[in-house]
Amino acid sequence: MKSISLFLVAIVLCLPNARSAPDPQELLRASDTIRNPGRPFKAKVTLTEFESGKQVDTSTLLTYSREQDKGGQFASLVAFVFPVRDAGKLMLRNGDDLWFYDPSTKASVRLSPQQRLMGQASNGDVMTVNLARDYTAKLLAEEEIVDGERKNRKSYKLGLIASSPTATYATVEYWVDSESSRPIKGRFFAESGRLLKTVYYRRYQQALGRERPTETVIIDGLSPQSVTLMRFSEFATPTIPQSWFHRDSLPRFQPE
C-alpha cells in the first residue's frame with residue numbers, strides 16, 4: 001500500500017495543473033520593472049481631475065527619476081509646468097525626505113507623501129517607486145477580475161505591508177496579471193484600515209523598450225464619483241545628474 005501511495009503522489013506532482021505557488025515578492029519585483037524603466041528616465045505627467053464625470057482641474061508635470069546608489073529605490077524630481085501660476089515649482093524626493101520648492105520665495109519646505117497634490121493624486125503618487133523595496137508581499141488569492149479597460153483578466157492578488165518608512169501607504173491590495181505580471185489594479189489603505197483609493201493601470205503602450213501602462217485611474221475610496229486620471233507620455237532617457245537630487249540644488253535646477 002505504501003508503494004501505491006507514493007506512486008499516486010508522483011502522478012499528482014506530474015500533473016500540469018499541479019504547479020507551485022509563485023513567489024509574491026518576485027511577482028511584485030516583476031511588476032515594478034513593467035511600470036518603471038531600469039535606467040534614469042524622464043516622463044511628462046498630465047493630471048486631470050473629474051467630479052461626477054465633469055473635468056474640474058488639470059495640471060502638467062515633468063518627472064525625472066533615477067535609482068539611488070544605495071537601496072535601489074528611486075529618487076524623483078518633479079517640475080511643475082502647468083498651470084502657469086505653478087510653473088517653476090519643484091518637488092524632490094530622495095530617501096525619507098520630500099521637499100517642495102517655490103522659486104518666488106526661494107524657500108523649500110518639507111512635505112508628506114500622503115498629502116494631496118491634485119484631486120485624488122497624492123504627492124507620493126507622482127513619484128517613481130519600486131514597491132518591492134517598500135513593501136513585503138504575500139499571495140492572497142488567484143482571481144479573475146475586470147481591469148481598467150473592462151476586460152476580464154486572470155490575476156494574482158497580493159497583500160502588501162509597508163516595510164519602509166518611505167512607503168506612502170500602510171497596506172495595499174495589488175493585482176498583477178498571472179501570465180505577464182503586468183499591474184492591473186491596486187487598493188490603497190491608511191494605517192487605520194480605511195480605503196483611501198482604488199487605482200487601475202491601463203492603456204499599455206510601447207515606451208523605452210517594452211509595453212508600460214500610460215494611464216493610471218485613481219478613484220476616491222469614499223466618493224467613487226471623484227476620479228483623477230494620470231497620463232504618462234514623452235518618455236525619454238536624458239542625462240540626469242545625481243546632483244539634481246539634493247535639496248541645496250533646487251534653486252539652481254535648469255532642465256535640459
* Structure fact -> Ser104 vs (1) of a type outside the set (A, V, I, L, M, F, W, C); (2) closer than 20 Å to Arg187 by Cβ; (3) in contact with a Gly (Cβ under 9 Å, 6 or more places away or on another chain): all pass except (2)
* **Thr136 being more than 22 Å from Leu229 (Cα to Cα), touching an Asp or Glu at 6+ places or on another chain (Cβ under 9 Å) and either of a type in the set (Lys, Arg) or surrounded by 14 or more Cβ atoms within 10 Å (Cβ to Cβ) (or both)** => no
* Asked: Within the stretch 146-157, is there a residue that is without any contact (Cβ under 8 Å) to a residue 40 or more places away in the chain and within 17 Å of the chain's Cα centre (by Cα)?
  -> yes
* Structure fact -> Residue count, the stretch 101-129, condition of a type in the set (S, T, N, Q), in contact (Cβ under 8 Å) with a residue 60 or more places away in the chain and buried (at least 19 other Cβ atoms within 10 Å of the Cβ), comes to 2
* Checking Pro165 against (1) within 15 Å of the chain's Cα centre (by Cα); (2) part of a loop (DSSP other than H, G, I, E, B); (3) touching a residue at least 60 places away in the same chain (Cβ under 8 Å); (4) over 30 Å from Ser20 (Cβ atoms), which single condition isn't satisfied? -> (1)
* Asked: Which residue, of Arg194, Arg182, Arg187, Arg212, is surrounded by fewer than 18 Cβ atoms within 10 Å (Cβ to Cβ) and basic (Lys, Arg)?
  -> Arg194
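Among the residues of the stretch 177-194 satisfying the criterion of being assigned to a loop (DSSP other than H, G, I, E, B) and in contact with a Leu (Cβ under 7 Å, 6 or more places away or on another chain), which is farthest from Tyr156 (Cα to Cα)?
The selected residue is Ala190.
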* To do: Scan Val172, Val217 and give me the residue that is surrounded by 16 or more Cβ atoms within 10 Å (Cβ to Cβ), more than 19 Å from Asn130 (Cβ to Cβ) and of a type in the set (A, V, I, L, M).
  => Val217
* Which ones in the stretch 86-120 are within 21 Å of Gln254 (Cβ to Cβ) and of a type in the set (Lys, Arg)? -> Lys89, Arg93, Lys106
* Answer with yes or no whether Arg153 is charged (D, E, K, R) and within 29 Å of Pro40 (Cα to Cα). => no
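Let's see how each residue does on (1) modelled with pLDDT of 95 or more; (2) surrounded by fewer than 19 Cβ atoms within 10 Å (Cβ to Cβ); (3) among the polar types (S, T, N, Q); (4) in contact with a Gly (Cβ under 9 Å, 6 or more places away or on another chain):
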residue: Ala43; (1), (2), (3), (4): yes, no, no, no
residue: Thr48; (1), (2), (3), (4): yes, yes, yes, yes
residue: Glu51; (1), (2), (3), (4): yes, yes, no, yes
residue: Glu67; (1), (2), (3), (4): no, yes, no, yes
residue: Gly72; (1), (2), (3), (4): no, yes, no, no
residue: Asp96; (1), (2), (3), (4): no, yes, no, no
* Asked: What strands (runs of 3 or more DSSP E) completely inside the stretch 49-138 contain at least 1 residues that are among the aromatic types (Phe, Trp, Tyr)?
  -> 54-67, 74-82, 97-102
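The values are calculated or read from the model by the stated rules, or taken from the named source; none is laboratory data. Quick caveat: nothing in here was measured; it's all calculated off a predicted structure. Cβ: placed from backbone, ideal geometry, glycine included. Neighbour counts: every protein chain shown.
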